[in-house]
Structures are given as C-alpha cells and as structure tokens.
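The values are calculated or read from the model by the stated rules, or taken from the named source; none is laboratory data. Just so we're clear, the structure is a prediction, and the values are computed from it rather than from any experiment. Neighbour counts are summed over all protein chains in view; Cβ atoms, including those assigned to glycine, are modelled from backbone coordinates with ideal geometry.
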Amino acid sequence: MATVKVKEQVILQYGNTSADITDLNAKVRQIWKDGGNKVADLKSISIYVKPEENAAYYVINENVDGKIELN
C-alpha cells in the first residue's frame, strides 16, 4: 500500500494579523540551531500565538524561551 503525503497547514487569523504555524515552527527550529544547538538535542517545542500582541512566544525543551514578532 502506497503512503500518500498530505500537505497540512494551519493559519491563525486575527484582525489584520495572520500566522502560519508551520512557518513559526521553522523559525523556532532555526533559532535553536542559530544558538549553536544540535537538532538531535531538540526534544520539544511549544508555541503560544498571541495575535492581540502581534507575537508568538515559544518554549524549547521546557527551558529556553523567547518571542517572535508576527508579520
């Protein structure tokens, strides 16, 4: 049986703000790598989107956190 890859996308829209969850996840992963960390050491990512603040907050491995501006 052939496996079919399904493209999934979640976009949060609020007023004039929108956030693509896939893009936010990629940004957080890049922040992790830019910090000199290994991808193999990445265990968890939590992203909290706050469109009313035009920001997304992230927590990596339950101890590294930060903020990403939306748009």
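Considered as a group, the residues in region 40-61 that are closer than 18 Å to Asp23 by Cβ and part of a helix (DSSP H, G or I) include one that is modelled with the highest pLDDT, and that residue is Glu53.
Val6 is checked against (1) outside any strand (DSSP E or B); (2) modelled with pLDDT of 95 or more and fails just one. What number does that condition carry? Checking Val6 against (1) outside any strand (DSSP E or B); (2) modelled with pLDDT of 95 or more, the one that fails is (2).
Given the criteria surrounded by 10 or more Cβ atoms within 10 Å (Cβ to Cβ), out of contact with any Leu (no Cβ under 6 Å at 6 or more places or on another chain), at positive phi and touching a residue at least 12 places away in the same chain (Cβ under 8 Å), does Asn61 qualify? In short, yes. Among the residues making up region 33-55, those that are more than 12 Å from Tyr14 (Cβ to Cβ) and surrounded by 10 or more Cβ atoms within 10 Å (Cβ to Cβ) are Lys33, Gly35, Asn37, Leu42, Ile45, Ser46, Ile47, Tyr48.
Select from region 15-32 the residues that are surrounded by 10 or more Cβ atoms within 10 Å (Cβ to Cβ) and either among the polar types (S, T, N, Q) or more than 17 Å from the chain's Cα centre (by Cα) (or both) and list them in ascending order. Reasoning before the result, please.
To start, the set of residues in region 15-32 that are surrounded by 10 or more Cβ atoms within 10 Å (Cβ to Cβ) comprises 17-32.
Answer for region 15-32, where residues must be surrounded by 10 or more Cβ atoms within 10 Å (Cβ to Cβ) and either among the polar types (S, T, N, Q) or more than 17 Å from the chain's Cα centre (by Cα) (or both): Thr17, Ser18, Thr22, Asn25, Gln30.
In region 13-41, the residues that are at positive phi form Cβ pairs under 8 Å with partners that are modelled with pLDDT under 95 and not in a loop (DSSP other than H, G, I, E, B), at six or more places apart or across chains, as follows: Gly15/Pro51.
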